[in-house]
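Q: Quick one: the structure is below, and I'll ask about it shortly.
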There are 2 protein chains.
Amino acid sequence: MARSNVGPTITEVAKAAGVSRATVSRVLNGRTTVDPAIGARVRAQAERLQYRPNLTARYLSTGRTMTVSLVIPDLGNPMFQSVLRSLTRAAESAGYGVLVAEAQSAEKEARIAQDARRQCDAVVLVAPRTVDAELDALITQVAPVVVLNRRLKDPHVASVGIDYGAGVTQLVDHLTALGHRDLLYVAGPERSAAHQERLATLNSIAASRPELSVRTIPGGASMAAGHDVAEEVLASGATGVLAFNDLVAFGLLARLHGLSVDVPGDLSVTGFDGIELSRFAVPALTTVGQEVLDTGAVAWSLLEPQLAATGKAGPVEHALLTPRLIVGDSTGPAPAARASAHAPAADAAPDPAAR
Amino acid sequence: MARSNVGPTITEVAKAAGVSRATVSRVLNGRTTVDPAIGARVRAQAERLQYRPNLTARYLSTGRTMTVSLVIPDLGNPMFQSVLRSLTRAAESAGYGVLVAEAQSAEKEARIAQDARRQCDAVVLVAPRTVDAELDALITQVAPVVVLNRRLKDPHVASVGIDYGAGVTQLVDHLTALGHRDLLYVAGPERSAAHQERLATLNSIAASRPELSVRTIPGGASMAAGHDVAEEVLASGATGVLAFNDLVAFGLLARLHGLSVDVPGDLSVTGFDGIELSRFAVPALTTVGQEVLDTGAVAWSLLEPQLAATGKAGPVEHALLTPRLIVGDSTGPAPAARASAHAPAADAAPDPAAR
DNA sequence: CTGTTAGCGCTTTCAA
DNA sequence: TTGAAAGCGCTAACAG
């Protein structure tokens with residue numbers, strides 16, 4: 001079948017320049033020395049014919065597709081969108097394209113990743129719901145790979161982790177400093193590793209600080225989920241709410257506003273991830289996140305050496321990003337502690353974009 | 001060079017099953033009839049070896065990559081993200097992958113689209129800033145193509161348009177019904193075709209309704225842009241503000257809240273696009289958008305027939321989506337008209353997710 | 001119904 | 001330094 005792709009082939013350039021295809025290839029890839037005159041002639045013809053090498057064909061002989069796949073669970077989550085964006089930009093500057101694969105269900109994650117890898121040189125894997133054992137197997141299959149947002153046992157696979165525990169700890173410290181003693185965690189998806197880790201941290205905090213009450217209710221990962229739990233949150237009587245992520249916090253804030261609940265007067269709410277949106281929430285969200293060091297860019301920096309290495313790769317690296325606290329206006333002194341003087345007046349500017 | 005890709009080749013499967021590669025290919029693609037016994041044998045071996053065809057190699061002989069590119073100006077905009085998401089899903093169900101290409105600057109749009117096309121069977125093009133003349137040239141180069149969010153002259157290229165004019169008209173009607181006479185448009189990017197079209201509609205409305213004042217101030221397409229124009233919006237004295245899109249409206253709302261401006265009491269604000277977020281704004285945003293008929297899915301439905309058609313394609317289709325009004329809580333009676341009785345008490349439920 | 005053959009466009013040995 | 005030739009993995013003519 002004829003190729004549907006546009007543009008001339010290397011053969012036509014060769015013919016036009018009166019040389020062999022091999023020479024054209026050499027000129028254009030510039031790995032060996034070529035006669036300057038020939039080189040100029042070839043380049044001129046290539047330019048004139050608007051020649052662009054067919055990357056697919058090149059792959060077949062080099063074994064490199066010049067694309068990587070990003071496997072993510074949910075394209076609707078700004079958190080992953082920002083990964084996609086920064087990964088795309090980083091990859092592009094190295095001449096790589098990014099293929100997006102959305103694994104909408106937990107079961108699909110492995111299969112999607114495998115399929116994706118067949119068309120790509122590597123995969124950036126965000127698989128929050130695949131269980132550890134399967135993940136290990138998957139990883140060896142699709143390598144080179146960098147795994148995002150998962151704590152891995154195997155030190156041989158590159159990963160970009162986020163220290164969820166540190167994030168949760170900062171949020172709890174922030175809330176307790178404001179006098180909150182009765183905390184409520186609006187949980188993420190049951191199978192989510194990020195959720196598990198946050199929950200574990202919360203439990204250990206609760207264990208070591210008996211003065212605190214830390215309860216959990218089921219939630220989700222979307223704005224709608226946050227919206228839907230608002231009544232339950234209110235009914236709990238807790239004064240400090242830790243939402244699974246910014247989206248959930250968002251939905252919660254919106255619904256609380258509808259219910260005429262004063263945030264942070266009656267209730268303090270925190271998010272997680274630090275997506276851009278959180279600054280523009282009303283009230284601006286107190287959250288934790290990475291602003292500068294974007295996950296996607298870090299992922300690329302770990303992936304690139306693996307792509308370059310022809311034979312065995314060098315030592316694989318790991319990044320553990322520690323989110324930092326971003327204080328918004330959605331948290332304030334606990335209602336009971338309001339009158340007392342030791343409630344710090346910590347909350348920053350009411351201007352959500354002042355940061 | 002050896003292929004870095006994992007998995008066995010068709011040759012190994014053929015060898016294992018004791019048949020020729022052609023037979024394996026036939027069995028697996030099922031285009032011709034094959035001896036059932038042989039078929040079973042081949043399938044068993046393929047399964048055992050975990051064989052998956054190399055799509056890149058397949059492309060070289062079929063001329064089809066089974067991927068399409070989405071060229072968009074900004075991965076950070078939820079509007080485009082939703083296009084990406086629905087396109088990805090639609091394409092996936094047809095066995096196609098989606099390659100993302102972000103054209104961050106106006107100048108890059110054409111080049112990015114061309115490059116993308118070289119690795120794909122088709123491109124979905126969102127190029128709001130490329131001027132008409134160039135766009136025409138580009139389109140013929142990268143066909144098959146479907147163009148989004150642009151009104152095209154050439155009836156031969158598929159397009160999914162949004163009737164921005166109808167959207168703007170609905171918003172203006174809504175505001176004027178509420179008694180607003182002094183309107184302010186926070187403009188989008190100067191070169192944006194969507195902006196131009198909205199502006200043109202506003203101008204024609206202003207011309208035909210002399211009782212209205214319709215002014216324009218520069219804005220942008222981001223939350224930050226909306227945030228930054230808040231003071232200027234206030235200073236204008238207008239009572240109804242039409243933001244270029246939901247993001248801008250969002251940023252504006254956040255800043256207005258910080259400035260203790262009552263929305264919609266003092267000022268009514270509308271967005272554009274109807275992104276999911278708009279429902280969760282505080283107050284919930286009055287906007288226009290397509291909820292069900294997602295642009296990406298529609299784009300795919302126009303693209304697919306072009307991909308299937310081996311020879312000349314059938315008649316190309318065009319879709320023009322008419323956004324519908326989504327009334328939130330960010331619009332209300334104009335301050336001056338407040339006392340009067342004929343201000344309709346139209347605003348819907350304060351519950352942002354009630355819709 | 002099956003095997004053989006040719007070739008997609010490119011890179012890369014191997015000789016000259 | 002250059003050209004000829006082989007081959008990446010697959011599909012699709014054409015014979016058998």
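The values are calculated or read from the model by the stated rules, or taken from the named source; none is laboratory data. No experiment lies behind these values; they were computed from the predicted model shown. Note: ideal-geometry Cβ built from the backbone for every residue, glycine included; neighbour counts use all protein chains shown. Remember, those area values only see protein heavy atoms, side chains included, never the ligands or the DNA or RNA. Shrake-Rupley method; radii C 1.70, N 1.55, O 1.52, S 1.80 Å.
Q: Answer with yes or no whether A:D115 is open to solvent by 30 Å² or more (accessible area, probe 1.4 Å) and at the interface with chain B (Cβ under 8 Å from one of its Cβ atoms).
A: Yes.
Q: Here is a follow-up. So, in the stretch B:211-230, of the ones that are part of a helix (DSSP H, G or I) and farther than 22 Å from B:R181 by Cβ, which residue ends up most open to solvent (accessible area, probe 1.4 Å)?
A: B:D228
Q: If you don't mind, there's one more thing I want to ask. Within the stretch A:180-210, restricting attention to residues that are modelled with pLDDT under 95 and not in a helix (DSSP H, G or I), which residue is least open to solvent (accessible area, probe 1.4 Å)?
A: Ranking the candidates gives A:S192 first.
Q: Still on this structure, I have one more. Find all pairs meeting these conditions: Cβ atoms under 6 angstrom apart; at least six residues apart or on different chains; first residue within the stretch B:56-79 and facing chain A (nearest Cβ under 7 Å); second residue part of a loop (DSSP other than H, G, I, E, B) and among the β-branched types (V, I, T).
A: B:Y59/B:T65
Q: Would you mind telling me which numbered condition in (1) within 13 Å of another protein chain (Cβ to nearest Cβ); (2) in a helix (DSSP H, G or I) A:S260 fails?
A: A:S260 satisfies all of (1) within 13 Å of another protein chain (Cβ to nearest Cβ); (2) in a helix (DSSP H, G or I) except (2).
Q: Another question, then. Condition first: away from DNA strand D (no atom under 13 Å from the Cβ), among the small types (G, A, S), modelled with pLDDT under 90 and surrounded by fewer than 18 Cβ atoms within 10 Å (Cβ to Cβ). Can you find one or more residues in the stretch A:86-94 that meet it?
A: Yes, that holds for at least one residue.
Q: Scan the stretch B:47-62 for residues that are within 10 Å of DNA strand D (Cβ to nearest atom) and among the hydrophobic types (A, V, I, L, M, F, W, C) and jot them down.
A: Correct list: B:L55, B:A57, B:L60.
Q: For A:N54, only one of the following conditions fails: (1) within 33 Å of the chain's Cα centre (by Cα); (2) buried (at least 22 other Cβ atoms within 10 Å of the Cβ). What is its number?
A: Unmet for A:N54, out of (1) within 33 Å of the chain's Cα centre (by Cα); (2) buried (at least 22 other Cβ atoms within 10 Å of the Cβ): (2).
Q: Let me ask another. Determine which member of the set A:A166, A:A110, A:A143, A:A137 is more than 14 Å from chain B (Cβ to nearest Cβ), more than 15 Å from the chain's Cα centre (by Cα) and open to solvent by 10 Å² or more (accessible area, probe 1.4 Å).
A: Answer to the check: A:A166.
Q: Check A:A46, A:A103, A:A17 and return the single one that is among the aliphatic types (A, V, I, L, M) and out of contact with any Pro (no Cβ under 9 Å at 6 or more places or on another chain). Give the steps one after another, and end with the answer.
A: Details: A:A46 fails: out of contact with any Pro (no Cβ under 9 Å at 6 or more places or on another chain); A:A103 fails: out of contact with any Pro (no Cβ under 9 Å at 6 or more places or on another chain).
Answer to the check: A:A17.
Q: A further question follows. What are the pairs with Cβ atoms under 6 angstrom where one residue, in the stretch A:319-330, is assigned to a loop (DSSP other than H, G, I, E, B) and the other, located anywhere, is polar (S, T, N, Q) and at pLDDT 90 or above? Sequence gap at least six, or different chains.
A: A:V327/A:T286; A:G328/A:T286; A:S330/A:T286
Q: Follow-up question, since we're still on this one. Go through A:L242, A:L247, A:L234 for me and flag whichever is away from chain B (no Cβ under 11 Å) and assigned to a helix (DSSP H, G or I).
A: A:L234
Q: Of all helices (runs of 4 or more DSSP H) completely enclosed by the stretch A:22-114, which ones contain at least 1 residues that are in contact with a Phe, Trp or Tyr (Cβ under 7 Å, 6 or more places away or on another chain) and within 16 Å of DNA strand C (Cβ to nearest atom)?
A: Of the helices (runs of 4 or more DSSP H) lying wholly inside the stretch A:22-114, those with at least 1 residues that are in contact with a Phe, Trp or Tyr (Cβ under 7 Å, 6 or more places away or on another chain) and within 16 Å of DNA strand C (Cβ to nearest atom) span A:55-62.
Q: Go through A:P333, A:P305, A:P315 for me and flag whichever is closer than 30 Å to A:C120 by Cβ and at pLDDT 75 or above.
A: A:P305
Q: Filter the stretch A:31-46 for residues that are within 11 Å of DNA strand D (Cβ to nearest atom) and away from chain B (no Cβ under 14 Å) and give the result.
A: A:T32, A:T33, A:V34, A:D35, A:P36, A:A37, A:I38, A:G39, A:A40, A:R41, A:V42
Q: Report whether or not B:Q104 is facing another protein chain (nearest Cβ under 7 Å), under 19 Å from B:L148 (Cβ atoms) and open to solvent by 10 Å² or more (accessible area, probe 1.4 Å). Steps first, answer last, please.
A: Values: facing another protein chain (nearest Cβ under 7 Å): no; under 19 Å from B:L148 (Cβ atoms): yes; open to solvent by 10 Å² or more (accessible area, probe 1.4 Å): yes.
Spelling it out, it is not the case that B:Q104 is facing another protein chain (nearest Cβ under 7 Å), under 19 Å from B:L148 (Cβ atoms) and open to solvent by 10 Å² or more (accessible area, probe 1.4 Å).
Q: Taking only pairs six or more apart or across chains, which ones have beta-carbon atoms under 6 Å, a first residue in the stretch B:80-97 that is more than 10 Å from every other protein chain (Cβ to nearest Cβ), and a second residue that is among the aliphatic types (A, V, I, L, M) and in a helix (DSSP H, G or I)?
A: Partner pairs satisfying both residue conditions: B:A90/B:A297.
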